[in-house]
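Chemist: Input: one structure, supplied below.
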Ligand code: HEC
């Protein structure tokens with residue numbers, strides 16, 4: 001009571017000003033959710049852009065007050081207690097401004113979705129929470145200790161919702177997995193560190209095979225065996241390929257086609273890997289040479305190889321590189337497995353079929369419709385957008401994709417084969433597909449594409465085959481395309497579905 005009377009005229013004015021400010025802030029925040037669809041002039045939208053900058057002030061201030069509450073009973077932090085009211089007022093003002101700016105940013109329409117909705121509500125609760133905490137704190141200081149509990153509760157709620165809101169905001173600006181992005185890599189490096197020690201590694205599977213896997217397997221695997229030469233197992237190396245020369249003859253480099261090919265001069269036609277691919281370096285060449293010379297052992301451990309021998313020396317030289325290569329391969333394998341799992345789950349949700357594209361050694365994926373096909377619209381197709389880079393083939397036969405959907409397909413940068421027969425497209429969206437630098441096969445049979453629209457096809461950079469059976473296209477068009485693009489085959493057949 002004493003205190004109340006002691007307030008001077010000037011102080012009273014300041015208090016009154018703060019009360020008005022407080023009421024105004026509380027009012028604005030409370031009506032924000034009601035004015036969602038209002039059209040804002042550009043100046044307001046500009047203010048919205050400051051949200052990501054100013055949001056740091058309330059965050060620091062709100063956490064600071066909470067910190068002081070926790071620490072003030074320790075002597076060393078006692079003096080800070082007197083700063084609480086000022087910090088709370090600053091937190092309230094900056095929170096209100098931040099929340100309004102955030103709302104304006106939201107109103108600009110650049111951001112939307114559930115994440116932003118949650119972020120908005122979290123921000124609102126934080127803003128109102130800190131205003132109420134400030135009010136209760138003031139009442140407690142001025143009038144009665146009974147406001148202590150409401151003050152603590154509102155301050156705690158405010159801090160919890162602050163953490164939640166910041167996390168939602170972070171995900172919205174940096175992507176959902178911003179925080180967790182590197183966890184698989186970190187985990188895998190832990191896993192590999194507890195893996196085999198170098199002495200325990202096997203000369204073939206841990207040292208030779210990873211080199212072949214990195215430099216040769218893209219062309220010599222189960223799905224694609226160039227020269228009929230498979231290199232995925234030790235036995236296959238022994239048996240060789242089309243030439244019927246042994247790929248590998250233990251103890252004899254002269255009779256090992258594998259070594260002969262990698263040892264040819266760089267400009268030789270038969271040299272492996274072919275021109276344009278990363279060749280083996282000197283260490284790798286030396287390793288494979290002395291490995292074959294010493295009998296191409298399969299199960300020998302690196303620890304068992306005498307360090308004085310020729311093989312022992314090259315093994316030593318290659319050690320660091322091999323450990324690095326093994327780790328890289330393991331990480332890549334794990335990432336691929338993870339991606340595959342995510343895609344297959346998404347496929348199940350969308351009722352479509354997603355699998356590794358066998359033509360791409362499983363590095364890229366293929367989409368196809370289930371049979372009988374479930375409805376699959378542009379909107380559903382868009383759900384795949386975070387993964388667009390990972391597809392090489394899309395078979396959307398009989399789906400509900402239309403010309404607007406082609407805009408999204410135009411973003412599948414690695415797409416090579418696209419099957420659109422029996423869809424509702426008329427070709428007006430084909431223009432979006434000319435960005436696809438790798439698109440080689442396009443099937444438009446049984447659609448309403450007409451000559452004018454199909455003429456866009458001559459602008460496609462890599463298109464080799466177009467199927468136009470049962471469309472509105474004339475012989476003239478076929479001739480026109482053949483004339484402008486001799487490399488492009490226009491085929492009036494149904495063509496493949498997958
Ligand atoms: C870019 C694809 C590609 C890569 C990578 C590649 N090869 Fe080949 N390889 C071919 C082709 C194509 C042939 C068949 C034509 C020929 O015989 O030259 C072939 C043939 C071979 C043959 C002959 C098989 C036979 O019996 O006729 C051997 C041996 C071989 N490769 C070894 C290798 C080795 C070792 C590597 C890795 C260092 C490698 N290749 C990497 C494309 C590749």
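The values are calculated or read from the model by the stated rules, or taken from the named source; none is laboratory data. The structure displayed is predicted, hence computed values, not measured ones. Glycine also receives a Cβ, built like all others from the backbone with ideal geometry; neighbour counts cover every protein chain displayed.
Chemist: Restricting to region 257-278, count the residues that are surrounded by 11 or more Cβ atoms within 10 Å (Cβ to Cβ) and either under 14 Å from residue 247 (Cβ atoms) or within 38 Å of the chain's Cα centre (by Cα) (or both).
Modeler: Number of matching residues: 13.
Chemist: Sort out which residues of region 474-496 are over 13 Å from residue 442 (Cβ atoms) and part of a loop (DSSP other than H, G, I, E, B), and write them in order of number.
Modeler: Of everything in region 474-496, those that are over 13 Å from residue 442 (Cβ atoms) and part of a loop (DSSP other than H, G, I, E, B) turn out to be 474, 486, 487, 492, 493, 494.
Chemist: Sticking with this structure for a sec: Going residue by residue through region 74-84, is there one that turns out to be surrounded by fewer than 17 Cβ atoms within 10 Å (Cβ to Cβ), in the same structural domain as residue 152 (by TED's automatic domain parsing) and closer than 20 Å to residue 117 by Cβ?
Modeler: No, because not a single residue in region 74-84 is surrounded by fewer than 17 Cβ atoms within 10 Å (Cβ to Cβ), in the same structural domain as residue 152 (by TED's automatic domain parsing) and closer than 20 Å to residue 117 by Cβ.
Chemist: Just one of 321, 337 is within 16 Å of the ligand (Cβ to nearest atom) and within 30 Å of residue 364 (Cβ to Cβ); which is it?
Modeler: Sole residue among the options that is within 16 Å of the ligand (Cβ to nearest atom) and within 30 Å of residue 364 (Cβ to Cβ): 321.
Chemist: Which members of region 345-375 meet the condition of being farther than 30 Å from residue 211 by Cα and loosely packed, with under 14 Cβ neighbours inside 10 Å?
Modeler: Within region 345-375, 345, 348, 349, 351, 370, 371, 372, 374, 375 meet the criteria.
Chemist: Filter region 428-447 down to residues that are at pLDDT below 95 and in contact with a strand residue (DSSP E or B) (Cβ under 6 Å, 6 or more places away or on another chain), then give me how many there are.
Modeler: 0
Chemist: Cβ-Cβ distance below 8 Å, separation of 6 or more or different chains: which pairs start in region 266-287 with a residue that is closer than 30 Å to residue 316 by Cβ and end on one that is away from the ligand (no atom under 11 Å from the Cβ) and assigned to a loop (DSSP other than H, G, I, E, B)?
Modeler: 271/265; 279/266
Chemist: Can you pull out every residue in region 434-452 that is assigned to a helix (DSSP H, G or I) and out of contact with any helix residue (DSSP H, G or I) (no Cβ under 6 Å at 6 or more places or on another chain)?
Modeler: 435, 452
Chemist: Same structure again: On the given criteria, is residue 116 assigned to a helix (DSSP H, G or I) and within 31 Å of the chain's Cα centre (by Cα)?
Modeler: When the stated conditions are applied, residue 116 passes them.
Chemist: Counting only residues that are over 35 Å from the mean Cα position of the chain (by Cα) and farther than 18 Å from residue 479 by Cβ, how many does region 446-460 have?
Modeler: 2
Chemist: Criterion first (within 12 Å of the ligand (Cβ to nearest atom), modelled with pLDDT under 90 and closer than 17 Å to residue 322 by Cβ) does residue 209 satisfy it?
Modeler: no
Chemist: Among all residue pairs at least 6 apart or on different chains, which show Cβ distances below 7 Å where the first residue, located in region 453-468, is in contact (Cβ under 8 Å) with a residue 40 or more places away in the chain and the second is crowded, with 20+ Cβ neighbours inside 10 Å?
Modeler: Qualifying pairs under 7 Å: 467/443; 467/444; 467/445.
Chemist: Right, residue 214: touching a helix residue (DSSP H, G or I) at 6+ places or on another chain (Cβ under 7 Å), under 30 Å from residue 102 (Cβ atoms), surrounded by 12 or more Cβ atoms within 10 Å (Cβ to Cβ) and at pLDDT below 90 or not?
Modeler: It is false that residue 214 is touching a helix residue (DSSP H, G or I) at 6+ places or on another chain (Cβ under 7 Å), under 30 Å from residue 102 (Cβ atoms), surrounded by 12 or more Cβ atoms within 10 Å (Cβ to Cβ) and at pLDDT below 90.
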